[in-house]
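Below is one structure, written out as structure tokens; the observations come after it.
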Amino acid sequence: MNQIDIQAFFERIFAFNENTPLLFTQFYFWAFFAFVMVFFSVFHSKKILRNTFLFAVSLFFYYKTSGLFLLILLFSTCSDFVWGQCIAASKKQWKKRLFLVISIVINLGVLCYFKYAYFVTNLLNDLFHSNLHVVNYLALWTNNLTGSSFLVDRILLPVGISFYTFQTISYSVDVYRGKVAPVKNILDFGFYVSFFPQLVAGPIVRANEFIPQLYSKFFLTKKQFGIAVFWILNGLIKKMVLSDYLAVNFIDRVFGNPLMFTGFENLMALFTYSLQVYADFSGYTDIAIGVAMTMGFYLPKNFNSPYKATNPGNFWKRWHISLSKWLQEYLYIPLGGSRNATFGTFFIIGLIALIIIFLANSIWVSITIVVLFAVLLVVGIFCPNVRQKIYTNINLMNTMLLGGLWHGASWNFMIWGGLNGIGILSFKIWKNLNAGQKTLLTAFLFALFLGLEYFIPRPIFVIGEVWTGILFIGTLISFLYNRLTKGGSLPTINRAWSIFTTFVFITFTRLFFRSGSNLDPATANKEAWDTARNMVAQIGGHWDFSLIGQIITQYYQVFLLFVIGMLIHWLPEKWKRWYRYNFACLPLPIMLLIIVVVVFVLYQFNTADFQAFIYFQF
């Protein structure tokens, strides 16, 4: 091997190349992981060396994934380490609070600059009819200093910035609350922030969950190793067999140009996307949990069969659990939670309402919002026993709206979060109604959409008509059975019906989630809204039912894989625990044989196009 070949070899290893990132689905990552495990086996019993080594390889991992954005990660790490020390060292409460505020402002400032600069600028331009432009000052200053044009003038989103920012905020808050002692060594703290399995797409690890593990002795039994291998294989199958295949062969085509496909194809793209996004994101976290476990570290469970949820609230206890818990502990509860309202409660909901009024530029939207706020105000004043429920629900809606915005700098994400909030609040009302009231309510909604569709024909009203009609039929059957059997019920059927209706509701909210994804922040709002509107137009438009058989035949492999994936998802949890446990107890040679077979199958499903994990963009 000559000098040029050696130089090219080391450049491939150490230089950043966006075409060969260290992703779990790439060979490069597993070669990197093998290297890590060789040296980890030497350092695992020496905590300082172990943490320092894992911090170093985590930085290398992030560099190979994100290039010079590594500097942002290092800045966040150093900043929060310093402010954590200041919070812990302060004797006076006001000083602790001041340092906490500084830490949070810096974290959110960095996050907002990189993630929401275009969103905020477009919002200000729309509100005040200005002509503001986003300037990437970091690139501008660097290019001026170096006399080059090395850095682009656009603000690019660093991979995983939302995840590690939330982790560093949780550290500052937990130190302030006294839930965790400050980390004394910046190398240990850097390891906590940058641990490579979960660095770029979670799970979000809170400080009080992970920092104690920094000082724990390495411990891994054969059974734990077997469980770790199972999670890795399980995640790879979810990602490469389910998620990537569905995306490349169907979903991306439809969402790319909804008007070229029929209403049935658009509808099926929505449902298959629900499985895709679950398989993709839970697949990543399964691999992250497995990889971390092989090194003796335990990441929190992030999914619990979310499509078994019986209502929207239950769904968010099963989906992206680490984010839900983070939002509950660091946003919902500080806003007042279920106890009371704070200044933040009214400021957030009021600001969002005013922005919607100005942007909608519609008298009906303005009247609706004003009337709603007036009703809530009157009820809150004259019905003290209801006031606390109003506060709770406003805090919940604020949390869902901001949780939606966390996912992306587009109004579509806020609409998605708002719809989930409405779903949770609606179920709170629904569960307190009797069978007769539920039947009357769904009958009224069905009649309302029938009237709207008749007098003001719109695709959205057709969708509402079909959906409320299905709900009305279901509640009517339940009501009649209840009356005929004098209070009897069918718990299994009722549960299946609840799971079905929740899954359909969550799927339709994903219309706004998917249409806002993978977009340039500078044009995200318009493109996302156009995609969502076009899909609604197709789904709620005229259907040629004679084409459905041809479509099913054409995409039978996609639809068959979708059905198989959902059936596996709906398997009883005890069955899943059984085959997970039995895999972990297999002799190592048999386990190795299964690994070889799975890798061979995964290779058959490997796509030529690069398929990043969906949540990398968040």
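The values are calculated or read from the model by the stated rules, or taken from the named source; none is laboratory data. Every value quoted in this text rests on a predicted model; they were computed, and no experiment measured them. Don't worry about glycine lacking a Cβ; one is built from the backbone with ideal geometry, like all the others, and counts go over all protein chains shown. All accessible areas refer to the heavy atoms of the entire protein, side chains included, with ligands and DNA or RNA removed. Shrake-Rupley method; radii C 1.70, N 1.55, O 1.52, S 1.80 Å.
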In deg cm²/dmol and to the nearest 500, what is the mean residue ellipticity at 222 nm of the chain if only DSSP H runs of at least 4 residues count, each as -39500 (n - 2.57), divided by the residue total? -23000 deg cm²/dmol
Rounded to whole Å and ordered largest first, report the semi-axes of the equivalent ellipsoid of region 410-567 derived from its Cα gyration tensor (root of 5λ). 31, 21, 18
Which of the lysines could be linked to residue 47 by a straight reach, that is with a Cα gap under 18 Å, when you skip same-chain ones fewer than 8 residues away? 184, 217
Counting heavy atoms of the protein chains only and a 1.4 Å probe, report the per residue accessible area for region 429-567 as a whole number of Å². 59 Å²
Once the convex hull of the C-alpha atoms of region 540-614 is built, how many Å³ does it hold per residue, rounded to a whole number? 192 Å³
Over the chain, calculate the relative contact order: mean separation of alpha carbon pairs under 8 Å at least 6 apart, over the residue count, as a percent. 17 percent
Using the heavy atoms of the protein chains alone and a 1.4 angstrom probe, what is the accessible area of region 66-131 per residue in square angstrom? 53 Å²
Quote the accessible area belonging to residue 83 in square angstrom, nearest 10, computed with a 1.4 Å probe and with ligands, DNA and RNA left uncounted. 60 Å²
Filtered trypsin sites (Lys or Arg not before Pro), region 403-493: DSSP coil and at most 16 other beta carbons within 10 Å: 431, 486
What Kirkwood hydrodynamic radius, in Å, does the chain give when the mean of 1/r is taken over all pairs of distinct Cα atoms and then inverted? 26.8 Å
By average C-beta atoms within 10 angstrom, highest first, the peptides 278-286, 583-591, 462-470: 278-286, 462-470, 583-591
Please report the net charge: other residues with Cβ closer than 15 Å to the Cβ of residue 185, K and R +1, D and E -1. +2
Which of the residue pairs 238/301; 64/238; 301/574 have a Cα-Cα distance greater than 19 Å in the structure shown? 64/238
What FRET efficiency, computed as 1/(1 + (r/R0)^6) with R0 = 51 Å and r the Cβ-Cβ distance, is obtained for residue 154 and residue 485, rounded to the nearest 0.05? 0.20
With equal scatterers on the alpha carbons only and no solvent term, can you work out the Debye log10 of I(q)/I(0) for region 221-311 at 0.13, 0.15, 0.23 1/Å? -0.53, -0.65, -1.04
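Considering every Cα-Cα pair within region 456-517, what fraction, in whole percent, is farther apart than 19 Å?
So the pairs more than 19 Å apart make up 47 percent of the total in region 456-517.
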Quick one: 3J(HN,Hα) in Hz for region 198-215, Karplus 6.51/-1.76/1.60 with θ = phi - 60°, rounded, Gly and Pro as x. 10, 5, 9, 8, x, x, 6, 9, 6, 4, 6, 8, 9, 4, x, 6, 4, 10
Extended-chain gain in nm, criterion 0.36 nm per residue less alpha-carbon gap, residue 379 and residue 588: 68.7 nm
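Mind checking the per residue accessible area of region 248-319 for me, 1.4 Å probe, whole number of Å²?
Ligands and nucleic acids excluded, the figure is 24 Å² per residue.
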In the neighbourhood of residue 44 defined by beta carbon distances under 12 Å, the net charge of the other residues (Lys, Arg +1; Asp, Glu -1) is +4
Counting only protein heavy atoms, what percent of the accessible surface of the chain is carbon or sulfur at a 1.4 Å probe? 70 percent
